[in-house]
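A short write-up of the structure that comes next.
The values are calculated or read from the model by the stated rules, or taken from the named source; none is laboratory data. As the structure is a computational prediction, the values presented were derived from the model and not from experiment. Virtual Cβ from ideal backbone geometry, glycine too; neighbours counted across all protein chains shown.
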Amino acid sequence: MIYPYRKIEMTEMEFSRRTLMGGALGLLANSFIESVAASPRTPSLDLDHERFMRLAIELAKKVPRYPFGAVVVDVNTKTVVGEGWVRVNKNPIWHGEMTAINNCPDSDSGFDWKNVCLYTTGESCPMCQSAIIWTGMPLVVYGSSMPFLQSCDFGEINIRAKTVIEASLKGKCEIIGGVLEKECNELFRNAKKSS
Ligand SMILES: [Zn+2]
């Protein structure tokens, strides 16, 4: 099911898609295009984003004061292969996305990062978005936006995820924001109230 969520502008991505559709893939070569070419389907068009965001929301509820939950999903089998939630009480860099990524199988098992995507209740911070880029996964989906998180007193580094992606020389990933935004915002609003 496809939802009309706000899609963060990704000029290069759209250009890539048009190029792919036009059969001119060979004229362009960057890792993002290669990752799309490895799978005939475009992940954002073939996944039930609400279904997986609901799973991320359930994980976020484990930490009501820091409700950042994340799931990593195999885009082919449509199953969760890694899940995580904030554990900064154990380690300051264990954000929801970082724990979800760390809970995925390792590459020795044949795990292919180009066939997964990540759902997170809140827009990723620069550290997590950079980690997502390093994995090479082609898509990240978030619920609440960084400006909203900041309005709830979350967020330390004021760089949007889109900006991190645009700055990447390694490769790009597609980003979709606002999936189940109302439900995610409610989590963070309640967290602020309870703090
Ligand atoms: Zn983070």
Of the residues in the range 143-155, those that are surrounded by fewer than 18 Cβ atoms within 10 Å (Cβ to Cβ) and either touching a Lys or Arg at 6+ places or on another chain (Cβ under 9 Å) or of a type in the set (A, V, I, L, M) (or both) number 3
Filter the range 90-104 for residues that are surrounded by 12 or more Cβ atoms within 10 Å (Cβ to Cβ) and away from the ligand (no atom under 13 Å from the Cβ); the one that is farthest from Gly69 (Cα to Cα) is Cys104
Residues of the range 60-78 being touching a residue at least 40 places away in the same chain (Cβ under 8 Å) and not small (Gly, Ala, Ser), in sequence order, are Lys61, Pro64, Arg65, Tyr66, Pro67, Phe68, Val71, Val72, Val73, Asp74, Val75
In the set Val80, Val63, Val72, the lone residue that is of a type outside the set (S, T, N, Q) and more than 16 Å from the ligand (Cβ to nearest atom) is Val80
Taking the range 144-163 and keeping residues outside any loop (DSSP other than H, G, I, E, B) and either at pLDDT below 95 or small (Gly, Ala, Ser) (or both) leaves Ser144, Ser151, Ala161
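Conditions (1) surrounded by fewer than 15 Cβ atoms within 10 Å (Cβ to Cβ); (2) in a helix (DSSP H, G or I); (3) under 10 Å from the mean Cα position of the chain (by Cα), marked per residue:
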residue	(1), (2), (3)
Cys117	no, no, yes
Cys128	no, yes, yes
Val141	no, no, yes
Ile165	no, yes, no
Asn185	no, yes, no
Phe188	no, yes, no
Checking Lys62, Lys90 in turn, the sole residue that is in a loop (DSSP other than H, G, I, E, B) and in contact with a strand residue (DSSP E or B) (Cβ under 9 Å, 6 or more places away or on another chain) turns out to be Lys62
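Considering each of Gly143, Gly177, Gly155, Gly122 in turn, give the residue that is within 13 Å of the ligand (Cβ to nearest atom), among the small types (Gly, Ala, Ser) and touching a residue at least 40 places away in the same chain (Cβ under 8 Å).
Gly122
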| said: Given the condition under 26 Å from Glu183 (Cα atoms), within 14 Å of the ligand (Cβ to nearest atom) and either assigned to a helix (DSSP H, G or I) or at pLDDT 95 or above (or both), answer yes or no: does some residue in the range 46-59 qualify? | reply: yes
Among Lys162, Lys172, Lys114, the single one that is in contact with a helix residue (DSSP H, G or I) (Cβ under 6 Å, 6 or more places away or on another chain), charged (D, E, K, R) and farther than 23 Å from Leu55 by Cα is Lys172
The lone condition Thr77 fails out of (1) in contact with a Gly (Cβ under 9 Å, 6 or more places away or on another chain); (2) surrounded by fewer than 24 Cβ atoms within 10 Å (Cβ to Cβ); (3) assigned to a loop (DSSP other than H, G, I, E, B) is (1)
- Is it true that Thr99 is in a strand (DSSP E or B) and β-branched (Val, Ile, Thr)? no
Just checking, does the range 180-195 include any residue being within 13 Å of the ligand (Cβ to nearest atom) and touching a residue at least 40 places away in the same chain (Cβ under 8 Å)? no
When the range 79-114 is checked residue by residue, the ones that are without any contact (Cβ under 8 Å) to a residue 24 or more places away in the chain and over 25 Å from Gly155 (Cβ atoms) are Thr79, Asp106, Ser107, Asp108, Ser109, Gly110, Asp112
